[in-house]
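Have a look at the structure below before the remarks.
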Amino acid sequence: MVKKFLQNLFKKLKFNPFGRRSHIKLGLYGPPNGGKSTLANRICQDWLGEEMSSVSHIAHETREIMIKEQVNIKNKKGKELTFSLVDTPGIATRIDYEDFLKRGMKKTQAKKRAKEATKGVIDSIKWLDNMDAVIVVLDSTKDPYSQVNITIIGNLQARDIPVLLVANKIDLKRSNIEVIESAFPQYSVVGVSAKYGKQIEDFYESVFKLVK
């Protein structure tokens, strides 16, 4: 009875000494089309031999929270880390169904997608309270000083959640990791190509440091 009472109390206080590190919730956050789902698939392919999410060139392909339980990774020293990987819908400050019309969708389909995407953004923010650590995936070919990125980082700072920034798409010529490092100097940044697996080992090492 006492232990259950304390567990409920610590849960409210966002601190749980009875919790096990094997139940870490690791969230993938970021703007649409930054490469969150591609990175989620890379992680699951590397360690589970299966994909996790569908990807698309059209924004907001992921519109619901996706969870892969018991992802176990190892570092170069043989240490293991087990976590629940949470792939979240892309966060946007503006979602307009007309943007989907421009992608060739019919009006009914475009409105439905916009509604689902809006709900996905709300769910993503709500789920921040469940995260033990967050990986923010940014497109390293784009300007990081966007309202969306500032909103994401601001929410994470307010919750004091451990954060790792992933500068994705380093395989592209326009990639510029230094700009992301300058924009958010308070966080560690690791550059990867989630699509091709470039520098993915550096990413895994950074994950171990993030949740140690």
Quiz prompt | Subset of segment 28-48 [over 11 Å from the mean Cα position of the chain (by Cα) and farther than 11 Å from P89 by Cα] | solution = N41, R42, I43, C44, Q45, D46, W47, L48
Practice problem: Working only within segment 101-141, note down all residues that are surrounded by 15 or more Cβ atoms within 10 Å (Cβ to Cβ), at pLDDT below 80 and part of a loop (DSSP other than H, G, I, E, B). | Solution: M105
Quiz item: Conditions: (1) of a type outside the set (S, T, N, Q); (2) modelled with pLDDT of 90 or more; (3) not in a helix (DSSP H, G or I). P17 meets all but one. Number of the miss?
Solution: (2)
Quiz item: Residues in segment 46-93 that are of a type in the set (G, A, S), out of contact with any Leu (no Cβ under 8 Å at 6 or more places or on another chain) and at pLDDT 80 or above: how many?
Solution: 2
Quiz item: Could you list, in sequence order, the residues of segment 157-211 that are assigned to a helix (DSSP H, G or I), of a type in the set (A, V, I, L, M) and under 29 Å from H23 (Cβ atoms)?
Solution: A158, I200, V207, L210, V211
Quiz item: Among N176, N155, which is crowded, with 16+ Cβ neighbours inside 10 Å, among the polar types (S, T, N, Q) and at pLDDT 90 or above?
Solution: N176
Quiz item: Under 9 Å by Cβ, and 6 or more places apart or on different chains, what pairs join a residue from segment 140-159 that is free of Cβ contacts under 8 Å to residues at least 40 places away in the same chain with one that is of a type in the set (V, I, T) and assigned to a helix (DSSP H, G or I)?
Solution: D143/V179; Y145/V179; N155/I125
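The values are calculated or read from the model by the stated rules, or taken from the named source; none is laboratory data. Computed from a predicted model, the values in this text were never measured in an experiment. Neighbour counts are summed over all protein chains in view; Cβ atoms, including those assigned to glycine, are modelled from backbone coordinates with ideal geometry.
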